[in-house]
Amino acid sequence: MKKTLKRRWAVLVLAAAPILGIAGCESYSGAAAPASVPLAPEYKISWTLHQNQSVPEEAEMLQYVEEKHNVDLEIWNLENNRYESLLDLKLAREGAPDLLRIRQPQDLLKYRQQGLLAEIPEETLNRHAPNLMAAIRRYAPDYADYGRIDGRIYGIPAISPTNIYRIPVVYRQDWLDKLGLEVPQTLAEFERVIYAFANEDPDGNGVKDTYGLSREGMNVVFGAFGQIVFADQLYFAEKDGRLVVGALEPEMEEALRYLRKWYADGVIDPEFITGENKGGYKHLSHAFINGRIGMTSMGNYYHWIGGGDYQAWTVDGRGGSREIPVGPTYNVKELNAKNPEARVSFGRPFSGPEGKRGSKAYDRLMSFAAIGANVTEEPGKLEKILQILDDVSANPDPDERAALKNGVIGKHWTWADESKKEIVTLPPYADMPDYLNVIGANLGMSVPYPPTGRREQWASTLGLEKDGIYNALEVSTPSLARSGGELIRLKDKAYLSFITGERPLAEFEGFVREFMEAGGRDVLAEANALQP
């Protein structure tokens with residue numbers, strides 16, 4: 001698209017801002033620049049973001065941001081499910097983009113070592129991204145310095161506002177009811193429940209084809225001993241003032257003893273080795289949906305919303321909004337489609353022998369926003385990128401912040417009510433899951449503003465902000481970046497062998513030695529060197 005056409009389009013949008021609800025255009029307060037005198041973009045800026053669909057060059061909110069800041073944004077369209085592999089290919093050909101989203105926090109160090117990142121001077125960051133940094137320091141102060149390497153800032157932490165909620169522990173309530181059982185509160189009660197699920201025909205089909213749990217539920221068992229094992233990263237824990245790898249701790253041998261017995265007794269789904277998800281959307285537990293298991297801890301809270309769990313907002317047909325019972329989502333929706341009589345319930349993670357309990361919680365540190373090394377070759381460009389990032393992520397005006405995230409008010413969305421805590425997406429966009437990418441909105445990074453939506457209020461009623469087991473190490477070290485993948489594979493292979501009986505539990509200490517010799521010793525040393 002020719003830039004002159006884009007500039008003229010943006011002037012029309014700005015002139016219509018009072019009608020469309022786009023507010024806060026500092027660069028254009030007062031009269032708009034005449035369309036006959038388009039401004040040349042001050043900078044061309046390459047930009048990466050979270051996306052499930054490509055952002056068109058003509059996307060209206062992308063053009064709005066370009067006009068507002070007088071820049072030409074080039075979006076690197078990298079599908080989120082293949083982000084790292086696509087990014088690495090493009091980095092090899094073109095070097096780093098000007099604004100680089102580092103989805104895996106441990107990769108910040110890797111890209112710094114490769115010379116792809118520019119230092120972000122602290123004074124410059126505070127001056128040109130004041131709203132963004134103020135929000136991080138106010139709502140997630142423990143993370144404010146997470147982007148530092150050797151005392152210098154190379155990444156701005158993107159902190160999840162909703163990862164304060166742990167992964168839920170989910171049961172087939174209709175199975176519990178049929179068997180006259182309650183949601184278990186202790187490991188002993190849990191054992192009784194899963195044996196009943198496996199042996200007492202909870203689905204009533206007269207066939208022994210049900211099991212208690214599969215792979216994801218095992219993390220709640222490990223949590224009853226204080227640790228998390230199965231994850232796509234090594235889970236560290238604090239113990240006696242030092243960091244340890246949870247999977248190496250002696251109490252895990254006792255947890256494995258339970259799982260080994262349950263597997264031998266036919267209580268664990270024999271397909272647990274390949275996991276609960278059989279393809280497609282990765283947070284679906286097909287083993288649970290298909291009625292093979294009666295308990296799981298897979299997916300996040302919003303993957304388990306049942307019909308009518310709370311009142312949600314919808315469009316009322318007159319451009320306003322009204323409340324209706326929320327519909328089922330993801331796992332519950334799929335389960336109900338297969339078995340309309342199935343019901344789910346949530347339980348607190350059951351306690352272990354020493355009173356410990358917990359389920360896996362996702363890191364609040366989601367990613368980093370970094371600046372490409374070549375940016376410093378153009379004076380003022382780093383400052384401009386920070387200004388844009390601050391605007392699209394943390395604009396202090398609620399209307400403008402919502403517009404930059406969701407599109408044009410009155411066209412793409414409207415406020416649910418006068419409190420301005422929630423929005424309602426308008427048709428036809430309400431039926432377009434990736435419409436934000438299509439219109440070029442939500443270009444910014446996650447900011448840890450306190451969650452206020454109905455969905456999050458519902459999560460709080462389940463107590464999901466309690467009993468979460470978080471990774472005590474959310475950043476990487478040189479040895480972890482080098483050896484982490486192999487250590488995870490070694491750990492998973494050993495645990496699967498212990499559970500299935502292929503390897504005797506007497507070799508647990510031998511596994512620990514193998515882990516240490518494969519790079520674990522260096523990983524632990526460097527992790528503890530980061531501790532204050």
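Rule-based calculations on the coordinates, nothing more; no lab input. The shown structure was predicted, so the numbers you read here are calculated from the model rather than taken from an experiment. All Cβ positions, even for glycine, are placed from backbone atoms using ideal geometry, and neighbour counts span all protein chains on display.
Miscellaneous remarks
- Cα gyration tensor, segment 188-238 - rounded (a/c under 1.5), prolate or oblate: oblate
- Normalised by the number of residues in segment 44-172, the mean separation of alpha-carbon contacts (under 8 Å, six or more apart) gives a relative contact order of 21 percent.
- Beta bridges per DSSP with both ends in the chain, % antiparallel, nearest 5: 70
- Relative contact order [Cα under 8 Å, 6+ residues apart], segment 353-484, whole percent: 32
- What the pair-distance distribution of segment 415-503 shows, using all Cα-Cα distances binned every 10 Å from zero, is 11, 21, 25, 25, 16, 3, 0 percent.
- The chain, helix-only ellipticity at 222 nm - DSSP H runs n ≥ 4, -39,500 (n - 2.57), divided by all residues, nearest 500: -10500 deg cm²/dmol
- In segment 46-86, GluC sites (Glu not before Pro) in a DSSP loop with at most 16 other beta-carbon atoms within 10 Å: 57, 58, 79
- Calculated over segment 414-453: convex hull of Cα atoms, volume per residue (Å³): 91
- Counted by neighbouring Cβ atoms within 10 Å, the residues 83, 235 run from fewest to most as 83, 235.
- With distances taken between every two different alpha-carbon atoms, segment 150-190 has a Kirkwood hydrodynamic radius of 14.5 Å.
- Judged by the ratio a/c of the largest to the smallest principal axis of the C-alpha gyration tensor, segment 309-385 counts as oblate, that ratio being 1.5 or greater while a/b is no larger than b/c.
- Pairwise inverse Cα distances across segment 122-243, averaged and inverted, put the Kirkwood hydrodynamic radius at 18.8 Å.
- Rounded, prolate or oblate (a/c below 1.5 giving rounded, otherwise prolate when a/b exceeds b/c) for segment 340-460 by Cα gyration tensor: oblate
- With bins 10 Å wide beginning at 0, the percent of Cα pairs of segment 373-532 falling in each bin runs 8, 20, 20, 22, 19, 10, 1.
- For the listed peptides 372-383, 162-173, 94-105, a ranking on the average number of other beta carbons within 10 Å per residue, highest first, reads 162-173, 94-105, 372-383.
- Rg and Dmax [Cα atoms of the chain; Å; Rg one decimal, Dmax integer]: 25.4, 81
- For the listed peptides 434-444, 41-51, a ranking on the average number of other beta carbons within 10 Å per residue, highest first, reads 434-444, 41-51.
- Residues 146, 263, 139, sorted so that the one with the fewest Cβ neighbours within 10 Å comes first: 139, 263, 146
- Segment 219-281: Rg to Rh, with Rh as the Kirkwood radius over Cα pairs: 1.04
- Amide H contacts of residue 278 (H built 1.01 Å from N, in plane; Pro and chain starts excluded): 286 sit under 5 Å, all sequence-distant by 5 or more or on other chains.
- Label-point gap, in nm, between residue 422 and residue 338 - each point 7 angstrom along Cα→Cβ: 3.0
- Of the GluC sites (Glu not before Pro) found in segment 148-246, those in coil by DSSP whose Cβ has at most 16 other Cβ atoms within 10 Å are 182, 200.
- The fewest-to-most ranking of 88, 203 by surrounding Cβ atoms within 10 Å reads 88, 203.
- Of the trypsin sites (Lys or Arg not before Pro) found in segment 202-268, those that fall in a DSSP loop while having at most 12 other beta-carbon atoms within 10 Å are 208.
- In order through segment 205-212: 3J(HN,Hα) via Karplus (6.51 cos²θ - 1.76 cosθ + 1.60), integer Hz, x for Gly, Pro: 9, x, 10, 7, 9, 10, 9, x
- Contact order, relative form, for the chain: 23 percent (alpha carbon pairs under 8 Å, 6 or more residues apart, mean separation divided by residue count).
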